[in-house]
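The values are calculated or read from the model by the stated rules, or taken from the named source; none is laboratory data. All figures in this text were calculated on a predicted structure; none of them were measured in a lab. Using ideal geometry, Cβ is built from the backbone for each residue, glycine included, and neighbour counts are taken over all protein chains shown. These area figures cover heavy atoms from the full protein model, side chains too; ligands, DNA and RNA do not enter into them. Shrake-Rupley method; radii C 1.70, N 1.55, O 1.52, S 1.80 Å.
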Amino acid sequence: MIYLPSYRNTKPHPHICGHSSPGLHHFNFTTSPESTQRPAKMADSRSPVVDVHTHMYPPEYITLLTTRTAIPLVRTFPGSPDPRLILLEAELPLLEKALSGECSGQLPGRPLTKDYASLPQKLHFMSAHGIDISVLSLANPWLDFLPPSTAVSFAQTIASSFETSCAANPGKLYFFAALPLTAPIPDLLAFIPTLLNLSHCRGVILGTTGLGQGLDDPDLLPVFEALAAASLPIFLHPHYGLPNSVFGPAAARGEYGHVLPLALGFPMETTIAVTRMFLSGVFDKVPSLRMILAHSGGTLPFLAGRIESCILHDAHLAAEYQKSGKDKKRRTIWEVLEEQVYLDAVVYSAVGLKAAIMASGEWGSERLMFGTDHPFFPPVGDDEGNEKWESVGLNRTAVAMVLGEGSKVGQMVMGGNAVRVLRLDEE
């Protein structure tokens with residue numbers, strides 16, 4: 001038996017794709033009445049397939065990375081047909097060896113293939129995988145490393161580059177803009193309204209460090225308020241992960257590849273960042289703020305109950321809540337997930353997708369959006385981008401297994417929800 005918080009309606013939903021599940025309460029694998037009020041515009045009756053988690057590095061960004069001497073950077077190495085993209089601190093030991101000539105065959109980073117920067121290749125990928133619309137975003141680490149003096153102008157350059165690409169492919173491409181977070185706050189706040197002049201911009205992509213002190217930083221509140229006022233949702237994406245020491249010396253030697261920082265570090269980074277926002281009251285202070293969490297919210301769907309239990313049993317927080325009067329009206333993290341947070345469906349398994357839907361409330365399937373994480377996780381050995389990507393198939397299969405192949409609610413996750421939430425049916 002699975003018990004969810006008592007504030008929730010406990011109507012049982014008897015079936016998951018035809019299998020009896022009497023213990024699963026307060027979530028619905030059908031569509032709510034409201035979901036049919038704004039149908040997606042398509043030539044046929046199905047919803048479009050929308051990829052909300054798909055990255056690109058515009059040429060201007062690649063050029064900048066080739067000039068850098070600290071991560072993120074791009075370097076070429078003898079014997080490698082493609083330049084190497086080095087993003088993570090965990091890649092530094094191999095980079096140092098490669099630069100000193102001590103490399104024993106394993107190169108740092110990943111090959112910077114045409115999938116990362118080529119618009120024709122992005123469109124080819126979409127066609128090959130049956131994707132009708134992509135919401136592009138600059139890949140990590142975005143603009144977090146820029147000097148304050150150039151941050152805004154370069155952010156404008158990147159946003160204009162995405163807008164041009166989208167305008168050249170009407171109805172197929174939209175984008176999340178990258179924020180110049182290292183710029184002075186007044187300049188950053190002045191930048192946000194300019195995004196409304198870009199007809200294909202549908203929100204912003206944000207890392208977990210914010211202005212440098214995390215997303216619970218009080219100085220970031222005006223930014224959240226400005227984004228909420230502009231109705232620009234945040235696509236929250238990890239990059240910094242966990243300290244390298246957590247992964248041990250074998251990982252530092254490169255013996256485990258990228259598995260530990262990507263599979264574990266990234267999801268925990270997202271979980272910690274959003275929990276800090278919740279504990280600091282960001283969601284209560286900016287109730288109209290909307291967020292889309294990458295990788296199905298990291299481990300939040302699984303750990304939300306533990307977070308709530310720890311809050312309920314923490315003497316310090318109980319005293320603080322009682323002192324402020326918040327103890328009688330405190331929102332739970334379940335309520336925040338149901339009211340202010342959406343999750344992408346980049347989780348690679350039916351088990352993870354079920355958890356994400358359950359954590360998102362009674363109509364949780366209307367808060368999930370399909371994504372691919374392209375161009376990351378390519379087929380190993382496919383340097384030309386010709387093969388079908390197994391990573392895409394895993395996410396698509398998970399939706400079919402949980403919600404039913406071709407079902408209405410499955411189509412909502414595959415695209416209808418994104419059309420509704422991100423206004424992709426508006427010119």
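All of (1) out of contact with any strand residue (DSSP E or B) (no Cβ under 8 Å at 6 or more places or on another chain); (2) at negative phi hold for S231 with one exception: (2).
Taking the condition part of a helix (DSSP H, G or I), at pLDDT 95 or above, of a type outside the set (F, W, Y) and over 20 Å from V380 (Cβ atoms), does S134 pass? If you could, list the steps in order and put the result at the bottom.
Working: part of a helix (DSSP H, G or I): no; at pLDDT 95 or above: yes; of a type outside the set (F, W, Y): yes; over 20 Å from V380 (Cβ atoms): yes.
Criteria not met by S134.
Residue check: S288 meets all listed conditions (1) buried (at least 16 other Cβ atoms within 10 Å of the Cβ); (2) touching a residue at least 24 places away in the same chain (Cβ under 8 Å) but one, namely (1). A Cβ distance below 7 Å, combined with a sequence gap of six or more or placement on separate chains, defines the contacts here; from the stretch 404-427, residues that are touching a residue at least 24 places away in the same chain (Cβ under 8 Å) reach residues that are of a type in the set (S, T, Y) and open to solvent by 50 Å² or more (accessible area, probe 1.4 Å) in the pairs V409/T30. Considering only residues in the stretch 108-136 that are without any contact (Cβ under 8 Å) to a residue 40 or more places away in the chain and buried (at least 20 other Cβ atoms within 10 Å of the Cβ), the one that is nearest to Q411 (Cα to Cα) turns out to be G109.
Name the single residue that is nearest to the chain's Cα centre (by Cα) among those in the stretch 162-178 being hydrophobic (A, V, I, L, M, F, W, C) and surrounded by 21 or more Cβ atoms within 10 Å (Cβ to Cβ). Among those that are hydrophobic (A, V, I, L, M, F, W, C) and surrounded by 21 or more Cβ atoms within 10 Å (Cβ to Cβ), it is F176. Quick check: is even one residue across the stretch 340-349 over 22 Å from T54 (Cβ atoms) and open to solvent by 70 Å² or more (accessible area, probe 1.4 Å)? Scanning the stretch 340-349 turns up no residue that is over 22 Å from T54 (Cβ atoms) and open to solvent by 70 Å² or more (accessible area, probe 1.4 Å).
Pick from the stretch 179-191 the residues that are open to solvent by 10 Å² or more (accessible area, probe 1.4 Å) and not in a loop (DSSP other than H, G, I, E, B): which of them is farthest from Y57 (Cα to Cα)? Filtering first and then ranking leaves P186.
If I filter the stretch 209-224 for residues that are touching a Phe, Trp or Tyr at 6+ places or on another chain (Cβ under 7 Å) and either farther than 13 Å from L136 by Cβ or modelled with pLDDT under 95 (or both), do I get at least one hit? Before you say what the answer is, go through the steps one by one.
So in the stretch 209-224, the residues touching a Phe, Trp or Tyr at 6+ places or on another chain (Cβ under 7 Å) come out as 209.
Imposing the further condition that a residue be either farther than 13 Å from L136 by Cβ or modelled with pLDDT under 95 (or both) reduces the set to 209.
Yes.
Among the numbered conditions (1) open to solvent by 70 Å² or more (accessible area, probe 1.4 Å); (2) farther than 26 Å from G416 by Cα; (3) of a type in the set (K, R), tell me where R46 comes up short. Exception for R46: condition (2).
Please state which one of L88, L65, L73 is open to solvent by less than 30 Å² (accessible area, probe 1.4 Å), at pLDDT below 85 and not acidic (D, E). Step by step, each of L88, L65, L73 is checked, and only L88 is open to solvent by less than 30 Å² (accessible area, probe 1.4 Å), at pLDDT below 85 and not acidic (D, E).
Taken together, the criteria exclude A251 from residues that are at pLDDT 95 or above, farther than 20 Å from V421 by Cβ and in a helix (DSSP H, G or I). For T194, indicate whether it is part of a loop (DSSP other than H, G, I, E, B) and either within 27 Å of Q411 (Cβ to Cβ) or out of contact with any Gly (no Cβ under 7 Å at 6 or more places or on another chain) (or both). No: the conditions fail for T194. Within the stretch 179-215, the set of residues being touching a helix residue (DSSP H, G or I) at 6+ places or on another chain (Cβ under 8 Å), under 22 Å from K285 (Cα atoms) and among the hydroxyl-bearing types (S, T, Y) comprises just one member, T208.
All conditions but one from (1) in contact with an Asp or Glu (Cβ under 7 Å, 6 or more places away or on another chain); (2) open to solvent by less than 60 Å² (accessible area, probe 1.4 Å); (3) farther than 22 Å from V341 by Cα apply to N244; the one that does not is (2).
Considering every residue within the stretch 310-327, establish whether at least one is aliphatic (A, V, I, L, M) and under 24 Å from F224 (Cα atoms). So that I can check it myself, show each step before the final result.
Here is the first cut: in the stretch 310-327, the residues aliphatic (A, V, I, L, M) are 311-312, 315, 317-319.
Narrowing further to those that are under 24 Å from F224 (Cα atoms): none.
No, there is no match, as no residue in the stretch 310-327 is aliphatic (A, V, I, L, M) and under 24 Å from F224 (Cα atoms).
Test H258 against the criterion of being in contact (Cβ under 8 Å) with a residue 60 or more places away in the chain, over 26 Å from A418 (Cα atoms) and surrounded by 15 or more Cβ atoms within 10 Å (Cβ to Cβ), and give yes or no. Yes: the conditions hold for H258.
The set of residues from the stretch 350-368 being open to solvent by 10 Å² or more (accessible area, probe 1.4 Å) and in contact (Cβ under 8 Å) with a residue 12 or more places away in the chain comprises A350, G352, K354, A355, M358, E362, W363, E366, R367.
Return a yes/no flag: does the stretch 76-89 have any residue that is in contact with a His (Cβ under 8 Å, 6 or more places away or on another chain) and not hydroxyl-bearing (S, T, Y).
Filtering the stretch 76-89 down to residues in contact with a His (Cβ under 8 Å, 6 or more places away or on another chain) leaves 87-88.
This time we only want the ones that are not hydroxyl-bearing (S, T, Y), so: 87-88.
Yes - at least one qualifying residue is present in the stretch 76-89.
Taken over the stretch 137-161, residues that are open to solvent by 10 Å² or more (accessible area, probe 1.4 Å) and in a helix (DSSP H, G or I) amount to 10. Look at L215 and say whether it is buried (at least 21 other Cβ atoms within 10 Å of the Cβ), touching a residue at least 60 places away in the same chain (Cβ under 8 Å) and in a loop (DSSP other than H, G, I, E, B). Answer is yes for this residue.
The conditions of being within 15 Å of D51 (Cα to Cα) and at pLDDT 95 or above are met by I292.
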